[in-house]
Structures are given as C-alpha cells and as structure tokens.
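The values are calculated or read from the model by the stated rules, or taken from the named source; none is laboratory data. Values in this document were obtained by computation on a predicted structure and should not be read as measured data. Backbone-built Cβ (ideal geometry, glycine too); neighbour counts: all protein chains shown.
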Amino acid sequence: MKVLKLLGFLTIMISIVSTGCKGNDEADIQALLEDSWFVGEGAVQTADDSTASPSSVSNPWISADTFPFFTKWVRWIERPVSHEFDIVVNGDSADITITAYFQGTPPGYGFFVINDPLGPVLNRAISDTVIRKVKCYRDESGWHIAGLTVADLYTLGTANPVTITEVTAHVASRNYTFVVNSAETYFAKNELPTFYPSDTVLVTVTCSAVGDSTWAFLHHGAGHKPGHGLKHHWRQPFFRDNTTTFSRTWVIADDSVITTPAVRHSAIDVVGWQTLFGDSTATYYSHAWGLPYIIKEPADAPPVDIPE
C-alpha cells in the first residue's frame with residue numbers, strides 16, 4: 001500500500017512539474033520573441049508613422065512614371081498593439097504563430113492621404129491583420145530562434161485584395177541575391193537578407209490587386225534598440241516597370257548604421273490605387289511583407305537573438 005501511495009505521489013509530482021515546465025517554456029519563448037531584434041515590434045515599426053500629417057520621408061527623383069510628387073500619405077495605427085502568441089512546444093522545439101491586428105479609426109487614426117494639391121487631407125479607416133510564424137529550439141542556455149517567415153500584413157474584408165507574388169534584392173557588386181516568394185517560407189537567421197554598409201541593392205517586387213492597380217513602397221531602416229541606427233524608418237516609392245512589377249535602388253548607407261552587426265526591419269508595402277488616388281469615398285486596402293535584415297561587415301559574426 002505504501003508503495004502504491006508513493007507511486008501515486010510521484011505521478012502527481014511529475015504531472016505538476018511537467019505542467020510547470022510547459023508554462024515556463026511558453027513564457028520564456030514569448031519573452032524571447034518580444035525582446036528579440038529579429039521579431040519584437042518590427043512589423044509595427046514599419047507599418048506605423050504615428051502622425052496624421054501626410055508627408056514623404058524622401059522625395060522620389062525625376063523619372064518617367066514615378067510616384068506623383070504631390071501625393072503624400074501616412075498610417076497612424078492605434079496603440080498599444082496586442083500580439084497573440086500561439087505556442088506549440090514539442091520537446092526541445094516549438095512552433096509559434098504570432099497574430100496582431102492593426103486598427104486605425106478616424107478621425108484620430110487611419111490612412112491619411114493628400115492626392116490633390118488643392119484638396120483636403122483624406123482619412124480612410126484601417127483594419128489589417130498581421131501574421132508571422134517562428135520556429136524555436138532549446139539548448140542548455142535556453143530558447144533561441146531557428147527560423148521565421150515574413151510578417152504577412154493584409155487588409156481584412158476588402159473587395160480588392162492585394163497579392164504580393166515575389167520580392168528580390170540583388171547586390172550586383174558581389175553577385176548576391178535574396179528572394180522571397182511565399183509568406184509560408186521560413187528563413188534561418190543566416191538566410192535573412194544580409195547587406196554590407198557599402199552595398200547598393202536593386203529591389204524588385206511583383207504584385208497585383210483584384211479590380212484595381214497598385215503602387216509599391218519600400219520601408220527600411222527601423223532599428224530595434226536606441227543607439228544602433230535610425231529611430232524612424234524610410235518610406236520610399238518604387239518606380240513602375242510594368243503593370244505588376246516595381247523596382248528601385250536602395251543604398252544601405254542611408255540606414256546610418258552606427259554599430260555592426262545590426263538588425264533592421266524592412267517591408268514591401270503594396271497599396272491599392274483607389275486608396276492612394278481615390279476621393280473621400282474610396283476605402284483602404286493594402287498588403288505588406290515585413291522581414292528583418294542584417295547589416296554587417298564581411299568579418300562580423302552574425303547578430304545574436306538579443307544583443308547586449
């Protein structure tokens with residue numbers, strides 16, 4: 001009888017310990033992802049301008065069929081943005097889906113655009129969802145990021161859904177090319193786009209929208225920690241190559257990186273034509289892929305999950 005009682009007690013204790021470990025694992029993984037330079041608030045940084053005053057961070061140069069110089073826009077989403085973490089732990093590995101919702105309710109928030117030099121600032125309501133998937137692994141020092149997908153940000157319930165088919169970044173000087181053509185593709189940290197401070201990058205995006213055309217924008221430069229680069233991000237219009245393809249050159253030195261290696265956040269942001277150029281009755285719809293990128297010198301070791 002004593003043996004049975006002891007076995008029962010051990011079974012209960014093992015159950016309690018196992019449950020406690022699972023809870024600790026989930027809390028540790030969430031804390032890692034909230035603090036990591038590779039995830040953190042990257043999608044929020046590149047999606048939110050936190051102002052209702054439409055402006056352009058940099059004016060596009062003169063070129064045929066570039067973005068109209070008089071059209072200015074910004075997003076201002078409501079904060080704080082809550083993130084939902086769906087964490088599935090299987091031994092020393094874990095699969096995580098992070099979901100967040102970006103809302104912008106007029107008049108205080110939304111997509112603000114001025115597309116007529118003599119017209120008013122128009123304000124369109126924002127209702128976007130963003131999903132990112134992450135794989136983690138555990139070793140003797142704790143949990144680490146093994147790989148992640150793009151942050152897939154898209155407008156909910158729109159009649160004009162926007163599709164991103166492919167994004168490429170090419171550095172001709174060292175024959176380096178990065179390609180992403182699916183929001184489901186996982187990238188290990190050493191597979192993320194990696195640039196040198198001296199690089200000039202040609203970025204090309206292929207995209208489309210149901211019942212409308214689009215324009216693409218490149219967000220980059222948003223740093224995760226103070227003292228490691230810009231506190232704001234650049235938002236630059238692409239140049240149209242044809243009805244579904246846009247491209248532009250990105251000079252990495254514009255990111256003003258102080259310390260390498262560094263992690264920055266980028267986004268390919270595709271906005272519907274009517275959202276940009278329509279009148280007060282037009283609605284907001286867009287699609288963006290956000291992805292961290294690394295800036296390092298050739299001899300630098302890759303950045304760790306949470307640098308000191």
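Brief remarks follow.
- On the stretch given as the stretch 282-308, residues that are surrounded by 14 or more Cβ atoms within 10 Å (Cβ to Cβ) and either in contact with an Asp or Glu (Cβ under 7 Å, 6 or more places away or on another chain) or free of Cβ contacts under 8 Å to residues at least 40 places away in the same chain (or both) total 6.
- When we screen Gly211, Gly142, Gly221, Gly147 for residues that are crowded, with 21+ Cβ neighbours inside 10 Å and small (Gly, Ala, Ser), the only hit is Gly221.
- The stretch 259-274, subset at pLDDT 95 or above and β-branched (Val, Ile, Thr), residue nearest to the chain's Cα centre (by Cα): Ile268
- Count of the stretch 253-281 residues which are surrounded by 20 or more Cβ atoms within 10 Å (Cβ to Cβ) and under 30 Å from Ser173 (Cα atoms): 11
- Among the residues of the stretch 248-278, the ones that are within 20 Å of Tyr109 (Cβ to Cβ) and charged (D, E, K, R) come to 1 in all.
- Pairs, first in a strand (DSSP E or B) in the stretch 177-190, second of a type outside the set (A, V, I, L, M, F, W, C) and at pLDDT 95 or above, C-beta under 6 Å, six or more apart: Thr177/His170; Phe178/Pro193; Val179/Thr168; Phe187/Gly147
- The residues of the stretch 263-281 that are of a type in the set (S, T, N, Q), in a loop (DSSP other than H, G, I, E, B) and either under 18 Å from Ser247 (Cα atoms) or touching a residue at least 12 places away in the same chain (Cβ under 8 Å) (or both) amount to a single one, Ser280.
- Residue check for Ala159: in a loop (DSSP other than H, G, I, E, B), touching a strand residue (DSSP E or B) at 6+ places or on another chain (Cβ under 6 Å) and surrounded by fewer than 21 Cβ atoms within 10 Å (Cβ to Cβ): no
- Test set (1) assigned to a helix (DSSP H, G or I); (2) at pLDDT 95 or above; (3) in contact with a Gly (Cβ under 9 Å, 6 or more places away or on another chain) - Arg75 fails condition number: (1)
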